[in-house]
1. Return only the number of the condition from (1) surrounded by 15 or more Cβ atoms within 10 Å (Cβ to Cβ); (2) modelled with pLDDT of 90 or more; (3) within 27 Å of A:Gly23 (Cβ to Cβ) that A:Tyr261 does not satisfy.
2. For the structure I just gave you, tell me whether A:Pro22 is in contact with a Leu (Cβ under 8 Å, 6 or more places away or on another chain), more than 18 Å from B:Pro20 (Cβ to Cβ) and not aliphatic (A, V, I, L, M).
3. Identify, please: which residue in the range B:10-31 is of a type in the set (S, T, N, Q) and farther than 19 Å from A:Glu294 by Cα and is, among those, surrounded by the most Cβ atoms within 10 Å (Cβ to Cβ)?
4. With (1) assigned to a loop (DSSP other than H, G, I, E, B); (2) loosely packed, with under 15 Cβ neighbours inside 10 Å; (3) modelled with pLDDT under 90 as the list, and A:Asp186 as the residue in question, which single condition is left unmet?
5. Taking the criterion of being assigned by TED's automatic domain parsing to the domain that holds A:Tyr261 and in a loop (DSSP other than H, G, I, E, B), would at least one residue in the range A:36-51 satisfy it?
6. So, of the residues in the range A:265-286 that are over 16 Å from A:Arg9 (Cβ atoms) and more than 10 Å from every other protein chain (Cβ to nearest Cβ), which turns out to be surrounded by the most Cβ atoms within 10 Å (Cβ to Cβ)?
7. Name the single residue that is surrounded by the fewest Cβ atoms within 10 Å (Cβ to Cβ) among those in the range A:1-45 being aromatic (Phe, Trp, Tyr) and under 13 Å from A:Gly85 (Cβ atoms).
8. In this structure, is A:Phe33 within 14 Å of another protein chain (Cβ to nearest Cβ), under 20 Å from A:Leu257 (Cβ atoms), modelled with pLDDT of 95 or more and part of a helix (DSSP H, G or I)?
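The values are calculated or read from the model by the stated rules, or taken from the named source; none is laboratory data. Worth saying up front: this structure is predicted, and the values here are computed from it rather than measured. Neighbour counts are summed over all protein chains in view; Cβ atoms, including those assigned to glycine, are modelled from backbone coordinates with ideal geometry.
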Amino acid sequence: MTDPRIELRNPVLAAVLAFLFPGAGHAYQRRYFKAAIYSVCVLGIYFWGCSLGEAKAVHFRWDERAEEGQSRQRTFGYLAQVGVGLPALPAVAQQLRHTDQRDAADSDQQPGEVLEEINSEFTGRLNHVELGHPEIIGQVTGVTRVGDYGYGTEFEGTFIGQTTDGNPLQFDLLGSRNSGSLQIGDRITGLDNVTMSELVLEQQELEFAGDRRRFFVRVVNQTEDLGMIEGTISRPFHNHYLAPLDDESLQYLNGKLGKQYELALVYTWIAGLLNILAVWDALQGPAYGYGDEEPDEDSKEQSSEKAESVNADTPEADTAKAGASS
Amino acid sequence: MISSFLLLAAAQNTTWYVLPLAGAISLVYSASRYELTERILKRAARLFLTITGFMAGVFVILWLLSANL
């Protein structure tokens with residue numbers, strides 16, 4: 001039974017608050033010292049872990065089936081991380097959004113991200129028959145689906161920008177996802193491989209980023225093929241924060257961070273598990289008591305019995321026993 | 001011996017990451033057992049020393065076992 005000196009107020013509400021934000025349940029119960037311990041320790045460990053893992057240690061993926069050529073991903077560790085509450089919960093929503101996106105991409109009509117019109121700043125390079133391969137920056141606008149043909153769904157758009165030397169550029173864009181003349185990274189993912197084809201030829205290291213989305217498309221003049229623009233467009237925060245990672249991204253992270261990534265996982269797991277203790281404390285009060293109790297009668301008796309049995313084994317006790325019997 | 005401790009003390013050694021973790025675990029676990037501030041802190045300190053002492057013991061055993069390797 002909870003010590004009457006501890007005011008749990010509404011324990012269920014306190015437990016929910018303690019789960020959602022470590023320390024909040026105890027602050028609601030006016031147990032401010034404990035609130036400080038729980039929030040500082042749990043959130044401190046959790047966010048330190050996130051920092052060690054470059055904000056990619058917490059993600060949730062629960063594949064019912066494996067993608068072609070890939071293993072089925074199930075992040076059991078998230079079941080521990082989610083104990084931290086609100087800071088980790090968005091990963092569930094991101095998993096649902098990611099699944100919807102993949103289901104859409106697998107369907108015949110290819111809806112999902114390809115239906116949205118893309119208007120974004122672009123950075124990358126030009127691969128052009130006349131202008132060569134300069135670095136370029138600019139704006140891609142109105143990239144949208146224009147029709148379905150035998151060879152796939154076709155998209156049009158415009159690029160307006162300049163080379164890094166300041167030469168203005170303007171191109172029409174035309175591409176088809178199925179033919180490879182348009183490649184757009186996943187709309188929702190934690191990390192995107194933004195390797196450019198030119199860089200692959202030069203055998204440079206792969207480049208990954210969460211806030212950048214791969215964008216390669218053919219550059220045309222009327223229908224004449226002039227080359228490609230290859231680079232990235234921006235990916236909004238809500239489309240990469242705590243979003244699932246694919247196998248390739250996980251391999252990249254493990255290779256880049258090594259032990260540090262494993263430490264990040266351990267820190268975030270332990271933070272979530274520790275908060276379970278805090279939730280239970282908010283619901284039921286401390287497990288052993290207030291902390292100033294005297295030992296109860298049973299334990300007193302047990303300890304005195306132990307003391308007697310120890311004394312009984314001493315030579316003095318044997319002498320006394322012998323005297324009493326004579 | 002000295003080289004082993006130097007290795008342990010190296011800034012990049014991940015062993016040091018156990019200290020804040022052990023501190024947080026000790027505080028949260030003790031706070032979930034008792035309500036009295038003084039009791040929580042004393043118990044947390046004792047638990048922290050137990051954890052770090054145990055790990056130091058394991059380190060010494062492993063170091064002794066690997067001394068002639």
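1. (3)
2. No; evaluated as a whole, the condition is false for this residue.
3. B:Ser26
4. Just one mismatch for A:Asp186, condition (2).
5. no
6. A:Thr268
7. Restricting to residues being aromatic (Phe, Trp, Tyr) and under 13 Å from A:Gly85 (Cβ atoms), the top hit is A:Phe21.
8. no
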